[in-house]
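See structure below.
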Amino acid sequence: MEGAGLPQAKALSALRRAAVGKVTALEGKELRNERPVGFSASYSAAFFRAEELAMLSSALLPEEDEDLSQRIAEHAKALHANGSLPPDAIVQIRDHLHALSVPWLEVLARVESQTCFQDAIPDEDRFNISLDGLSMPLGIWQNAWDSSGIVSNIYGILASEKLGFKIYSETGPASELILGKLAGCDHAGFAITGNCGPPRRFHVSFENWLTGSPWNQQWLVDLVPYGSPVDLGSMGYEGKSGMFALGGSMDAALEDSGLSLDFFRSFNASWYDPSKYTAPLAGVSQSRLKTCATSAEVGYPGIAALYLAKTGDAGGVQDVNGATLLSCYMDRWWLAPACRHNTSKCVPVIMPFTAWGMPEMMQQAFWHNMPLALATAVDGDYVSLNRDLQSLLYTWIPDTTFFLDKPSQVIFPDHRPSEYANSIYKTMKTNTVLSKWAAAGFREAADKAFAVARNLQMTFEEVMDLLSRHVESPNPNTWQTACEWLKDNEPLWKAWIPNETECSAGKGLVDDAGNFVQSRGLAVNCQFCPVGTYSAESEAQATRVCIPCEPGTSQALPGESQCIPCEPGSLAPQEGATECEPCPLGKYASGSRTTACSQCGNHTNQIALWTTSKAVTTTGQTQWIQVQGATSISYCTCIEGFFLFQDRCEPCITGSSCPGSNQLELLPGYFSTEEDPGAVFRCFGEPARCPGGIPGTCALGRDSSSVACSKCVPGTRADGGECTDCATGDFFLLVVVCFLVVCAIVILYFVLMRRGAKSSQPGSLLIAALGLGQMVTVIQQLTVIQQFKIEWGEPFSGILASLDLFAFDLDLISISCVAPMSPVSSFTMRTLLVLVLFSVACLVHFLFVACNRQAGLQLNVLGSTIGTLFMVFFISVCSSLLAPFRCNVHPNGLATVQAYHQVLCNGQDDHLSMALIGGFSCLLPVGFLAICSWITLVQLPKWLVNGEVKLIRSCSFLFMRFRPGAEVFSVLFSVRNALVVLCPLISSTSGRVLCMNLLLYASLVLVAFGKPWRAMVCNFLDLFLVTGMLVILGMGSLFVTEVESSSTTAICVLFSLFMFLSILGAIVFGVVKHVSSKYRKPFWFFICHQKVAAGSYARLMKMHCQSRGARFTTFVDCDDLNDLTKLFSYVGQDTQTLVILGSPQILTRKWCVGEMVTGRLQRVHTALLTFPGFEKPDAHFIRNYTSIVPDITELTNYNISLNEVEETLRRLVACVSCDPRFSACL
């Protein structure tokens, strides 16, 4: 056994010497600035630990394991021979230890270690931590750069020598590994490869450069199942990366011109030439640079498109087969616009790896006119190339790589987050928060070690001084640097370490039973303060105790050093609260530390109508939502559907919106004043004049002091919803309309005069005249329908609005621009307009009479003219006179005149005046209707008897339109038109529509059956127009927005009942008629005869039978048949005895044979009177009947078959017959 140990000892000794020699050689290169790129003292420590691992592993192995000893010896020889340790050496040793069930983490923890402090806790007294159910050394994961290594060693020395933990550490190349290693994951190179979860061998790590990055946040989410690491906060210093200038160029510029190259303005090509102090591009070997395609385009796909989109600099990019790529000089240098045309003025900027930092530096060069040339060094040449050039580069600090080259960061304008969010990089890149991280559960496993890690912080100046001390050391070693710093800064690091009853922040004193106590004399340890308490400092006892949170404060987390005051909007009514409750709806707390919330609307008796709400914007729209936790009285609002007015919540009525903001918002088409916002008016007629929004808002040019923005301000006229300035064209329009009206009256007068001067019959022009009259009537009916509350769509609503001129709406011709009038004056003018037309007609008449005295007065022509005008505009006249009685009811309960929106329907003031004027003026159309009725019904028959042609011609406006005998339709149509005008007076829209429908249907029936018009084509035109009006009215019903459900339901029920009763009546009528026909039929005899042979005899026979008594009614088709389709019905249903006059050819007449067949089928008593020459049908006749009477097949249309005809002919042979001379026997 003793002999077996000798080879091991020799191998170990050789391995140690080789490893130490390797470290010494590498560190010597660093001192001579020949350190390999990417190598640091941390890697030296890794080599040294490999040697220690091999040594200690071999020492712990059984002595007889000569195989492993031999392999260790081989590794030592290889290391000594070529200066490299085989990569699988550590893996082989570790695997072997696993196979022998040797706890290799403890092996590492028992490595022969250096000691920093003389009073360090001995190795044998140090202990493991327990995590994931395993006992293991405290694992430190450190990064492969000196600042992380030094800080990690500072922590390791304190954790081992002052706290007594066994420690173990490993080194990784990048921050990307930190979270994964703390979660127990494996890694390869720069990437986590999986296999996460227990056992987690690493528990703390320092200097994470990825704090707050999306990558870091995603890893925290992904690692939740394995225990996400805990953020211990900032290292106290930040990382800086970006464009730096090395000392060589900095010093040259300062010495030559005092130009400071660490400021962006010093590179402005318009003012300075910084290339004088940096290496020229021509002096850089192209073999030391990567191409743009293999660096920037790989590291930042789409970098060229982004640059072009943000700067518009097309010269910096190129199009290659449809792809936007960087345009690089010699395929390696991207040139900024400031030196793109003169490369000798370019300042080289060298970047590592895949063009790190290039997107930001490209734009910074563009925006600040910097003559930069950006290129990427080939891997392994980044450090040496920059040291050779002493120019600009992309790098980061704290770091020792270029420490001796005195790098200075180029300062740009202050960072603008909004621009960086949009990928615009004009300003300084923000510094990186460097953070510390601990494994989940580490706090519970080693609270003091956790506290030291959390408390460990340094300033940026301190860490830079630490790195300076490190690189200036004769033999840089991270552990040695850490030890020296600890010895020199004892007051600083002692503050990081707690003792047993000197409770750190978040903890309080507990006794041996684990109960929290207030006296240090009773305490034996510290524990985290539970929720609802806080760790309060006791100055007298120099420790901390757990105190319940005061009312108005809370603490939801254990181990906190203070209770959090309830923020505004929340309360904690009792002590020891674990969380502050938000103020409920309708209450608020404007201050912090609140114990009771204030009630909204406490000064009113409407507390139930108050709530708390705030505005939120989603998809560009603002809406109010109720919120708890209101922070001020400004959140107090009325609940949705109410608004605040004079410190009270008032209900929001139709036409307004109260979203819960305390404000009333008017919907488009509604208006209210600022003084009384709740009194909402609906803007009838032209909703666009009321745009809605804030109360008191009107469309452009509208007077907001008028009711519902109904008036235009003086000097303007209505133009849709807005009011525009009066123009010359408005006056011209009025003149043109007046001229056209006068011309039309003159033409009408002379047409009627010429027509009355001679006797003439209606010609083709009558059709045109009647059509024109019907058109005017339809237009006026449409103006009446417009008065219904129907929201017509465009363009039909515009068409209806343009027809208001026929309703004497003077605003259409801008009368307000000529003579501004009050509503009463305007109504009076409108009322007198028909009299003005009559006056014009009278003036024309008397001028004509004055010029033609020999023609006489011709009052009949004047009367005909006036009557025609009144008849044509009868609907418009009546409608305008009834305007004061048509009112629109507004949501506020008030009503305004439909045609005069500014006049309230209250029976007072203007409305009373208008009602009196309109009521008195209604006598005019009533009197006209009465006179027309008297003339038509009373006088016309007398005139016709007496031949009063002159009088008839003077009233031609009544009779000319209708055929002789249908003059009464002039009265019927006038009454219809009067009733049409009355329809808008009905309060409900459904009632108006019903009334109009009934009148139109009645008119349709009258015209269809009466055919009153003098020209038949006008009857068809009238039917078509009335049908069109019904269709328009039916379609308009779909646009009704205000439906009175009660009245509509009543109408539907009424007509449903009417329909049911009609059906029931028809059924009863049919049954009664059928039953009564069994006992008494309308006709006692039905004479079936051939008109040519027996027509006169049938007439004689009918006279003879009826002379016998009134009950012997006799049917003869020439007297009683109006509808051929009912012929057989008379025979089968209404006849008691069928009398057949058997003339020779009667059997060849299909209708006569049909009557015989019907009589037989319906069992009607039949008598045959044979005339001379009549022969009953024989078999041959019956068999060939279809060829004898070919049209007999037409009876099939009346459900009479040929078989039934043949059977009737056979029965006829057996029928009793007698001589017609003895017909009296009937």
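Taking Cys905, is it touching a Leu at 6+ places or on another chain (Cβ under 7 Å) and modelled with pLDDT of 85 or more? Judged against the criteria, Cys905 is not a match. Scanning region 491-514 finds no residues that are closer than 30 Å to Tyr588 by Cβ and touching a strand residue (DSSP E or B) at 6+ places or on another chain (Cβ under 6 Å). Do we find that Glu675 is acidic (Asp, Glu) and not in a loop (DSSP other than H, G, I, E, B) in this structure? Considered against the rule, which asks whether it is acidic (Asp, Glu) and not in a loop (DSSP other than H, G, I, E, B), Glu675 comes out as no. Exactly one residue out of Leu182, Leu163, Leu134 is crowded, with 19+ Cβ neighbours inside 10 Å and either over 54 Å from the mean Cα position of the chain (by Cα) or free of Cβ contacts under 8 Å to residues at least 60 places away in the same chain (or both), and it is Leu163.
Summed over region 1127-1140, residues that are outside any strand (DSSP E or B) and closer than 18 Å to Val1153 by Cβ total 6. Is it true that Ser147 is crowded, with 23+ Cβ neighbours inside 10 Å and touching a residue at least 24 places away in the same chain (Cβ under 8 Å)? So Ser147 passes the test. Determine whether region 415-423 contains at least one residue that is of a type in the set (Gly, Ala, Ser) and either touching a residue at least 24 places away in the same chain (Cβ under 8 Å) or in contact with a strand residue (DSSP E or B) (Cβ under 9 Å, 6 or more places away or on another chain) (or both). Checking region 415-423: at least one residue is of a type in the set (Gly, Ala, Ser) and either touching a residue at least 24 places away in the same chain (Cβ under 8 Å) or in contact with a strand residue (DSSP E or B) (Cβ under 9 Å, 6 or more places away or on another chain) (or both).
Any residue that is assigned to a strand (DSSP E or B) and either in contact with a Pro (Cβ under 8 Å, 6 or more places away or on another chain) or not small (Gly, Ala, Ser) (or both) - is there at least one of those in region 215-226? Checking region 215-226: not a single residue is assigned to a strand (DSSP E or B) and either in contact with a Pro (Cβ under 8 Å, 6 or more places away or on another chain) or not small (Gly, Ala, Ser) (or both).
Would you mind stating whether Ala269 is touching a residue at least 24 places away in the same chain (Cβ under 8 Å), aliphatic (A, V, I, L, M), surrounded by fewer than 17 Cβ atoms within 10 Å (Cβ to Cβ) and assigned by TED's automatic domain parsing to the domain that holds Met358? Here the answer is no, as Ala269 does not meet what is asked.
When we screen Ser285, Ser205 for residues that are outside the structural domain of Asp399 (by TED's automatic domain parsing) and at pLDDT 90 or above, the only hit is Ser205. Residues in region 523-543 that are crowded, with 16+ Cβ neighbours inside 10 Å and part of a loop (DSSP other than H, G, I, E, B): Ala523, Cys529, Pro530, Val531, Gly532, Gln541. Hey, any hits in region 1052-1060 for a residue that's within 30 Å of Val889 (Cα to Cα), surrounded by 12 or more Cβ atoms within 10 Å (Cβ to Cβ) and among the aliphatic types (A, V, I, L, M)? No: zero hits.
Annotation: Ile424 fulfils all but one of (1) assigned to a loop (DSSP other than H, G, I, E, B); (2) among the β-branched types (Val, Ile, Thr); (3) surrounded by 19 or more Cβ atoms within 10 Å (Cβ to Cβ); the unmet one is (3). Checking each residue in region 618-664 for being more than 16 Å from Tyr588 (Cβ to Cβ), of a type in the set (Val, Ile, Thr) and at pLDDT 85 or above picks out Ile653, Thr654.
Of the residues making up region 880-892, not a single one is in a helix (DSSP H, G or I) and more than 30 Å from Ser710 (Cα to Cα).
Yes or no, residue by residue, for (1) more than 42 Å from the chain's Cα centre (by Cα); (2) outside the structural domain of Thr611 (by TED's automatic domain parsing); (3) more than 21 Å from Phe450 (Cα to Cα); (4) crowded, with 23+ Cβ neighbours inside 10 Å:
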site	(1), (2), (3), (4)
Gln518	yes, yes, yes, no
Val545	yes, yes, no, yes
Ser554	no, yes, yes, yes
Glu560	yes, yes, no, no
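Any residue in region 193-205 that is on the phi > 0 side of the Ramachandran plot and crowded, with 24+ Cβ neighbours inside 10 Å? No, region 193-205 contains no residue that is on the phi > 0 side of the Ramachandran plot and crowded, with 24+ Cβ neighbours inside 10 Å.
When only residues in region 453-466 that are in a helix (DSSP H, G or I) and not hydrophobic (A, V, I, L, M, F, W, C) count, which is surrounded by the most Cβ atoms within 10 Å (Cβ to Cβ)? The extreme case among them is Arg454.
Yes or no: Thr728 surrounded by fewer than 16 Cβ atoms within 10 Å (Cβ to Cβ) and more than 30 Å from Asn602 (Cβ to Cβ)? Yes: the conditions hold for Thr728. Kindly indicate whether any position in region 234-247 is farther than 18 Å from Ser175 by Cβ and not hydrophobic (A, V, I, L, M, F, W, C). The answer is yes, given that some residue of region 234-247 is farther than 18 Å from Ser175 by Cβ and not hydrophobic (A, V, I, L, M, F, W, C). If the condition is being of a type in the set (Gly, Ala, Ser) and more than 19 Å from Ser169 (Cβ to Cβ), then region 190-217 contributes Ala191, Gly194, Gly197, Gly212, Ser213. Within region 228-266, the set of residues being polar (S, T, N, Q) and in contact (Cβ under 8 Å) with a residue 24 or more places away in the chain comprises Ser228, Ser234, Ser241, Ser249. Under the condition of being touching a helix residue (DSSP H, G or I) at 6+ places or on another chain (Cβ under 7 Å) and not in a helix (DSSP H, G or I), which residue from region 427-452 is nearest to Thr311 (Cα to Cα)? Taking the candidates together, the pick is Thr427. May I ask you to say which residue of Thr481, Thr543, Thr501 is touching a residue at least 60 places away in the same chain (Cβ under 8 Å), of a type in the set (S, T, N, Q) and within 25 Å of Tyr155 (Cβ to Cβ)? Testing whether each residue is touching a residue at least 60 places away in the same chain (Cβ under 8 Å), of a type in the set (S, T, N, Q) and within 25 Å of Tyr155 (Cβ to Cβ) leaves just Thr481.
The values are calculated or read from the model by the stated rules, or taken from the named source; none is laboratory data. What you see is a predicted model; the values in this text were computed from it and never measured. As a convention, Cβ positions derive from the backbone with ideal geometry for all residues, glycine included, and neighbour counts pool all protein chains shown.
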